[in-house]
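I have placed the structure first, in the form of structure tokens, so that the comments after it can refer back to it.
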Amino acid sequence: MPESSAPASSPSAPSRSTSLFDRAQRHMPGGVNSPVRAFKAVGGTPPFIRSAKGAWLEDEDGHRYVDYVGSWGPMILGHAHPAVVEAATEAVQQGASFGAPTRAEVELAERLAELVPSMEMSRLVSSGTEAVMGAVRAARGFTGRDQVIKFEGGYHGGADYLLVKAGSGAATLGVPDSAGIPAAIAGTCTVLPYNDLNAVKQTLQSIGDTVAAILVEPVAGNMGCIPPAEGFLQGLRKLCTTHGVVLIFDEVMTGFRVALGGAQARYNVTPDLTTLGKIVGGGFPLAAYGGRRDIMERVAPSGPVYQAGTLSGNPVAVAAGLATLEQLTKDESTYAQLEATSAQLATMAREAAAAAGVPVTVQQVGAMLTVFFTEQSAVTNWNDSAACNADQFRTWHATLLEHGIYWPPSPFEAAFPSLAHGEPELTQTQTALTAAFEAVANMP
Ligand code: KE4
């Protein structure tokens, strides 16, 4: 990360982020283009980021932060990785977008089928939301059924019928059931408690012949990091097969993060369809859905399930995605390194909390983790996560930020270490964690 170049604003003048946030709120809802960025859950002015490199962000006032948001997951290599910058630069010089088939899209579809074998066929889109919408529509078209089962606290993007008891920013802002969703649409979604296999079994026994799909985050990340209970994913697989329901793993967050082949590889459970996003685009607008050939062949133009997109398979985004996957697959030790860094961070948080006498539960799977402010020994579902101490999280987050650590600004998110996080970053993080937990311990 280059040394900060901006002259720090004088203590009395408002920071540049403050001035920009004031301007932003005049012309953008909440001053942001995605709600969680507004720091509503933690308060204060969100730093406006000017640049990033490796594990570091720099804001408009020249403040530098160790970044654990990583653009909400995509930046697993670290920011501005040379191979990704080179690939995207070369691609854009050949033209930004053609709206026509390209070689690179074929190469990425082949790569996805190789790295995620359940994705025999795939369709590229521009966001995780689109990928989930495409997968659900394919499942509905394939089964001729309407109902979708999701889990409370699960977040799958902005499709109307899925913004029901949703996690992530929707939960953060207290609108898990968004306004603007017609009851008839919301009624096509059945919401069950995460990790409750009996609830799924009973629901399928009563309405199974109306259920097109079960949509699940195989490791929950949008109510904090919550691993699947022993046998949960395997049980979903068995129940879906029994009832002719399409099992959709939403791996937009977990794909290439909890293992090279995603959660389905880590837990050895094969879904019928998978959605990918974030990492697969290397920070560019690219996502994908795919899976069983007999389902995906129903998608237009080979079948009657329509789905389209002007920028789907965008050549610059595909080049960045291919370069990212190449970096993730070139070294046998990549995922051991990610796991070790994340486990070290989790241990540091547990130790700092214990030293300050603050009860927390830290849950980590692969390169994602969450610090829950709770005395419970495990957080297994939305109710557990929602019961955590939001005030303590707020104080903790603000202190981390003061000490140059940019942690996800919501208790209902996961933190994302990258391959660029090394000893210098962890050392600064350890110091900040000590201060942050002491601040919590000293709360009135
Ligand atoms: P996008 O439409 O934001 O690309 O993807 C939606 C989505 C789908 N599925 C899962 C499991 C996801 O986590 C997401 C988006 N994740 C949030 C962060 N938890 C995006 C950040 C934001 O909303 O600004």
#### Entry: Any helices (runs of 4 or more DSSP H) falling wholly within the stretch 115-234 and containing at least 3 residues that are farther than 22 Å from Thr274 by Cβ
168-172, 183-186, 197-207
### Task
Write out, first by first residue and then by second, each pair whose Cβ atoms fall under 7 Å of each other, whose residues are 6+ apart or on separate chains, and whose first residue, in the stretch 270-281, is within 24 Å of Arg140 (Cβ to Cβ) while the second is within 11 Å of the ligand (Cβ to nearest atom) and part of a helix (DSSP H, G or I).
Leu273/Ala135; Thr275/Gly128; Thr275/Ala131; Thr275/Val132; Thr275/Ala135; Leu276/Ala131; Gly277/Gly128; Gly277/Ala131
#### Entry: Odd one out for Val258 among (1) among the aliphatic types (A, V, I, L, M); (2) under 29 Å from Pro409 (Cβ atoms); (3) touching a Ser or Thr at 6+ places or on another chain (Cβ under 8 Å)
(3)
### Message
List pairs: first residue in the stretch 386-415 and of a type in the set (Lys, Arg), second residue crowded, with 21+ Cβ neighbours inside 10 Å anywhere in the structure, Cβ distance under 7 angstrom, at least six positions apart or on different chains.
### Response
Arg394/Val42
### Task
Determine which member of the set Pro14, Pro47, Pro74 is surrounded by fewer than 17 Cβ atoms within 10 Å (Cβ to Cβ), in a loop (DSSP other than H, G, I, E, B) and at negative phi.
Pro14
### Query
Do you know which of the residues in the stretch 286-301 that are more than 25 Å from His243 (Cα to Cα) and in contact with a strand residue (DSSP E or B) (Cβ under 9 Å, 6 or more places away or on another chain) is farthest from the ligand (Cβ to nearest atom)?
Ala288
### Query
Tell me, which residue of the stretch 386-413 that is of a type in the set (D, E, K, R) and touching a Gly at 6+ places or on another chain (Cβ under 8 Å) is nearest to the ligand (Cβ to nearest atom)?
Glu413
### Message
Quick test of your reading of the structure: Asp146 fulfils all but one of (1) surrounded by fewer than 19 Cβ atoms within 10 Å (Cβ to Cβ); (2) free of Cβ contacts under 8 Å to residues at least 40 places away in the same chain; (3) touching a strand residue (DSSP E or B) at 6+ places or on another chain (Cβ under 9 Å). Name the failing condition by number.
### Response
(2)
### Query
Is it fair to say Ser126 is in contact with a Gly (Cβ under 7 Å, 6 or more places away or on another chain), within 30 Å of Trp382 (Cβ to Cβ), in contact (Cβ under 8 Å) with a residue 12 or more places away in the chain and within 16 Å of the ligand (Cβ to nearest atom)?
yes
### Query
Could you say whether any residue in the stretch 89-110 is in contact with a strand residue (DSSP E or B) (Cβ under 6 Å, 6 or more places away or on another chain) and modelled with pLDDT of 95 or more?
yes
### Lone unmet requirement of (1) away from the ligand (no atom under 16 Å from the Cβ); (2) in contact (Cβ under 8 Å) with a residue 60 or more places away in the chain; (3) under 23 Å from His156 (Cα atoms); (4) part of a loop (DSSP other than H, G, I, E, B) for Val358
(3)
### Task
Specify the residue that is surrounded by the most Cβ atoms within 10 Å (Cβ to Cβ); the eligible residues are those in the stretch 149-171 that are near the ligand (Cβ under 9 Å from one of its atoms) and among the hydroxyl-bearing types (Ser, Thr, Tyr).
Tyr155
### Task
For Ala259, work out the one condition from (1) surrounded by fewer than 24 Cβ atoms within 10 Å (Cβ to Cβ); (2) over 16 Å from the mean Cα position of the chain (by Cα); (3) aliphatic (A, V, I, L, M) it doesn't fulfil.
(2)
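The values are calculated or read from the model by the stated rules, or taken from the named source; none is laboratory data. None of these values were measured; they are calculated from a predicted model. Note that each Cβ is placed from the backbone with ideal geometry, even for glycine, and that neighbours are counted across all protein chains shown.
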